[in-house]
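What follows is calculated from the coordinates using simple rules that are stated; it is not laboratory data. In this text the structure is predicted, and so the values were computed from the model without any measurement. Virtual Cβ from ideal backbone geometry, glycine too; neighbours counted across all protein chains shown.
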Amino acid sequence: MPNRQSRLLRDWQGYLYISPWFIGFIVFALGPILLSVFMSFTRWSLLSTPQWIGLDNYSEILLHDPLVGKSLWNTAYYVLFSVPLGIVLSLALALLLNQKLRGMSIFRTLFFLPSVTNLVAVSILWMWVFNPEFGLLNRVLALVGVAGPLWLQSETWSKPALILMSLWGVGGGMIIMLAALQGIPAELYEAADLDGARKWRKFLHITVPMISPALFFNLIMNMIGSFQVFTQAFVMTASSGQGSEGAPNNSTLFFVLYLYKKAFQQFKMGYASALAWILFLIILIFTLIQFRLSRKWVYYEAGGRS
């Protein structure tokens, strides 16, 4: 009986701790979520009464709107390259910053700061970096005899430019990787040294398995964030002199940017709501796939694989 009472007490304590978030979710998020579900089955321009049209928005998206396919392709391209590059770079930085050297905390702070910088300000900075005439990147390339591309003004290089820019914010993932690295017991490396293991084998058979939960967390968060890429494309392409957001020729028209244009430029809120729920389903499917695959490579110290 006492054990049951203590368990109930812990349960209620847990509910009490999460109650601020739960109340905030019900008050500020649940209503808009349910409203967006309803609006996805309507035609609504914000200025008129919503008209129920059933599945017309979804059929238009899936069968008749060519820009949906274009935006999905652009988004998939961005996710495919930015996510693995971000994870590899954040892990590499974490390994470098895990050294026991004087002043290392300063370097950790410097590498982390860009990830908390306002993304609009960062986008404006990178517009200067990518400027084809006097930008820093093309100036550096010119020093080694390479003619830099047009970057944001080029259909070929616009998405690689935004992917390169995304590496600016790997500091958040780096901090998580660094915490995971510092949680690895030193005894494991000492035992490997006694067995004559080389650095590469220690990395593959000790470091990677021990930090696999952190790798998995960064993979999920980076994937979700990359599917929702918006701000940098909105700021940088609208101001690139190519006409509108998503330029040139819709090569940077990402899915969320297209959703924004439908909602707040064309005032098709019902259509935009349907786009939002399609994106939600896409992210949910890929997240579930990653959770399924994680059983084969994510290890937890207490119980082996997940």
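Overview of values
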| read-out | value |
| --- | --- |
| Separation of alpha-carbon centers, region 135-207 and region 239-301, rounded to whole Å | 25 |
| GNM top mover of Leu113, Leu167, Leu85 - the chain, alpha-carbon springs below 10 Å | Leu113 |
| Helix-only CD estimate at 222 nm, as mean residue ellipticity for the chain, using -39500 (n - 2.57) per DSSP H run (n ≥ 4) | -19500 deg cm²/dmol |
| Gain upon complete extension [Leu96, Thr49; 0.36 nm per residue less C-alpha separation] | 11.1 nm |
| Student exercise, the chain dipole from Lys, Arg, Asp, Glu Cβ charges, in Debye to nearest 20 | 560 |
| Relative contact order of region 12-81, defined on C-alpha pairs under 8 angstrom at six or more residues apart (%) | 15 |
| Cross-link table Lys159/Lys202; Lys159/Lys199; Lys100/Lys199; Lys70/Lys268; Lys70/Lys262, entries beyond 26 Å C-alpha to C-alpha | Lys159/Lys202; Lys159/Lys199 |
| Longest site-free stretch - the chain; sites: GluC sites (Glu not before Pro), DSSP loop, at most 11 other Cβ within 10 Å | 134-300 |
| Listed residue (Asn3, Gly86, Trp168) projecting farthest to the positive dipole end of the chain, Cβ model | Asn3 |
| Trypsin sites (Lys or Arg not before Pro) within region 202-304: DSSP coil, no more than 13 neighbouring Cβ in 10 Å | Arg295, Lys296 |
| Relative pair counts by distance (%), Cα atoms of region 110-157, 5 Å bins | 5, 21, 21, 20, 16, 13, 4 |
| The chain: relative contact order in percent, alpha carbon pairs under 8 Å with at least 6 residues between | 26 |
| Rounded to whole Hz, the Karplus (6.51, -1.76, 1.60) HN-Hα couplings of region 151-156, x for glycine and proline | 6, 5, 8, 10, 4, 6 |
| Relative contact order (percent, whole number), region 5-152, Cα cutoff 8 Å, 6+ residue spacing | 8 |
| Convex hull of the chain built on C-alpha atoms - directionally averaged projected area, nm² | 23.7 |
